[in-house]
Amino acid sequence: MGKWISVIVFAFACVGCGRYLPPIAPEIMAPDGVDKLVITPSEQGVQFAWIAPERDRRGKELSSFSGYRIRRKELLERGDETNEKIPFEEVGFIPDTHIEVREKLRAEARAQGKIGSRVQAPKELTEFSFTDTSPVRNKTYLYKVVPENQGSVEGAVNELIKITYKGTGSDVTVINARALETPPAEQDQNLSEPS
């Protein structure tokens, strides 16, 4: 009988021993793209307004956040939108503390015997805006609002904003960021085709 108990214990030890979950790439835990991005050009510049994302790229609730980097690049000719030789420049950073505040409020709720997971950050802490006051009239720019977690890992960008700046009468086009990405299979096909 003792022999069988030893075998069973050994078997359970082997099954449980050394089992780890696969590592999660930091990019997957980075924030999803911003919600409800609104662009308002004026004579003073271009204003961007948005709502903070609540989920990471896996669809799980965010656990850390640092803020948003607003970036732009000047477009001189057709195709510059996807030209990686033309870098985006940072024109602003907006900090975001809504996750930190939410966690403090949840801890307070749990200390009072309430269900902490139901507590959310106040709405005003999830609404953001930024105005770029430096665009030059009649020049065309491509903007993006990049969310970032506390590990400085960039999150998703769902939309790019193309603007030919003319003050209030600016031409504004919203571009689906994923539509600009060429799938690897298509890239390989393009490389193999004769020119």
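Values computed for the structure shown
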| quantity | calculated |
| --- | --- |
| Residues being within 26 Å of GLY151 (Cβ to Cβ) and in a loop (DSSP other than H, G, I, E, B) - total across segment 43-100 | 17 |
| Residues within segment 87-137 that are among the aliphatic types (A, V, I, L, M) and over 30 Å from VAL172 (Cα atoms), tallied | 9 |
| Unique residue being without any contact (Cβ under 8 Å) to a residue 40 or more places away in the chain, within 25 Å of ILE28 (Cβ to Cβ), of a type outside the set (D, E, K, R) and surrounded by fewer than 16 Cβ atoms within 10 Å (Cβ to Cβ) when the list is PRO122, PRO95 | PRO95 |
| Candidate set from segment 145-162 (those that are surrounded by fewer than 20 Cβ atoms within 10 Å (Cβ to Cβ), touching a Pro at 6+ places or on another chain (Cβ under 9 Å) and assigned to a loop (DSSP other than H, G, I, E, B)); member that is modelled with the lowest pLDDT | GLY151 |
| Options GLY18, GLY2: the member that is modelled with pLDDT under 70 and at positive phi | GLY18 |
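Conditions (1) among the polar types (S, T, N, Q); (2) modelled with pLDDT of 95 or more; (3) in contact with a helix residue (DSSP H, G or I) (Cβ under 6 Å, 6 or more places away or on another chain), marked per residue:
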site: PHE48; (1), (2), (3): no, yes, no
site: ARG57; (1), (2), (3): no, no, yes
site: GLY67; (1), (2), (3): no, yes, no
site: GLY79; (1), (2), (3): no, no, no
site: THR82; (1), (2), (3): yes, no, yes
site: GLY116; (1), (2), (3): no, no, yes
site: PHE128; (1), (2), (3): no, yes, no
site: ASP132; (1), (2), (3): no, yes, no
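The values are calculated or read from the model by the stated rules, or taken from the named source; none is laboratory data. As the structure is a prediction and not an experimental result, all values here were calculated from the model. Every residue, glycine among them, receives a Cβ derived from its backbone with ideal geometry; neighbour counts consider all protein chains shown.
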